[in-house]
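Enquirer: Before I ask anything, here is the structure I am working with.
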Amino acid sequence: MSLPKPVETLWNELQAVRVDVLREAEGLTQRQADWKPSATDWSVGEIVDHLTIAEIATGKLTTKLTKEAAAAGTLAQWPADLTAFATLPPDPPGPAEAPEVVRPSHGKTIGELIATMRATRERSRQSIEKLATLDPRKLRFKHFRLGDLDLAQWWQLQIRHDRIHLAQVRDVRRAPGFPKA
């Protein structure tokens with residue numbers, strides 16, 4: 001499916017950061033994937049799980065918002081004059097605590113985590129294609145830290161989120177004591 005330019009850019013950015021996340025996680029041993037720099041830090045496996053859970057939630061939000069708008073008769077087609085998405089608000093200062101709904105599980109196999117992450121991205125493509133057919137500005141949902149976001153901003157947040165956790169994965173891998181294999 002041919003995507004409008006803003007959606008194509010969004011998809012390409014989603015894919016680029018995901019390639020980097022997978023590059024960091026693939027090839028890790030289970031011991032490496034489960035290792036934590038401290039008791040309060042997440043392992044690489046937990047970070048991969050968290051990113052996947054968050055992306056699944058964004059896909060479900062896409063379905064929820066489009067179904068609700070369709071039922072209400074307010075679902076609008078992609079506007080020809082939409083050439084760029086609204087930017088995300090800046091993150092509030094300080095660390096963020098992940099909501100319970102997107103907290104990872106410890107101890108899943110790294111192979112399972114990577115396979116699930118890949119399969120989730122394939123399903124996300126369907127959500128992105130849906131986004132390409134409608135006016136995302138009219139589909140809004142409140143984020144627990146950033147406030148009211150439109151559907152395109154939710155997908156932009158997925159990119160930001162992946163970048164934040166990509167840096168976290170790299171920090172874990174560089175931490176003193178990270179297993180050699």
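Enquirer: Every residue in the stretch 52-99 that is in a helix (DSSP H, G or I), within 19 Å of ARG140 (Cα to Cα) and hydroxyl-bearing (Ser, Thr, Tyr), please. Please lay out each step first, then the result.
Expert: Restricting attention to the stretch 52-99, the residues satisfying the condition of being in a helix (DSSP H, G or I) are 52-72.
Keeping just the survivors that are within 19 Å of ARG140 (Cα to Cα) gives 54-72.
Within the stretch 52-99, THR58, THR62, THR63, THR66 meet the criteria.
Enquirer: Have a look at ASP49, ASP41 and point out the one that is closer than 25 Å to LEU146 by Cα, of a type in the set (Asp, Glu) and not in a helix (DSSP H, G or I).
Expert: Values: ASP49 fails: not in a helix (DSSP H, G or I).
Answer to the selection: ASP41.
Enquirer: Another question, then. Which one of ALA57, ALA86, ALA80, ALA71 is among the aliphatic types (A, V, I, L, M) and surrounded by 15 or more Cβ atoms within 10 Å (Cβ to Cβ)?
Expert: On the way: ALA86 fails: surrounded by 15 or more Cβ atoms within 10 Å (Cβ to Cβ); ALA80 fails: surrounded by 15 or more Cβ atoms within 10 Å (Cβ to Cβ); ALA71 fails: surrounded by 15 or more Cβ atoms within 10 Å (Cβ to Cβ).
The match here is ALA57.
Enquirer: Quick check on my filter: what residues within the stretch 131-157 are crowded, with 17+ Cβ neighbours inside 10 Å and out of contact with any Pro (no Cβ under 6 Å at 6 or more places or on another chain)?
Expert: Of everything in the stretch 131-157, those that are crowded, with 17+ Cβ neighbours inside 10 Å and out of contact with any Pro (no Cβ under 6 Å at 6 or more places or on another chain) turn out to be LEU131, LEU134, PRO136, LEU139, LEU149, GLN153, TRP154, TRP155, GLN156, LEU157.
Enquirer: Considering the stretch 8-56 alone, what residues qualify as being among the β-branched types (Val, Ile, Thr) and either more than 20 Å from LEU157 (Cα to Cα) or in contact (Cβ under 8 Å) with a residue 60 or more places away in the chain (or both)?
Expert: Step one: of the stretch 8-56, the residues among the β-branched types (Val, Ile, Thr) are 9, 17, 19, 21, 29, 40, 44, 47-48, 52-53, 56.
Selection gives VAL17, VAL21, THR29, THR40, VAL44, ILE47, VAL48, THR52, ILE56.
Rule-based calculations on the coordinates, nothing more; no lab input. These numbers come from a predicted model, not from an experiment. Note that each Cβ is placed from the backbone with ideal geometry, even for glycine, and that neighbours are counted across all protein chains shown.
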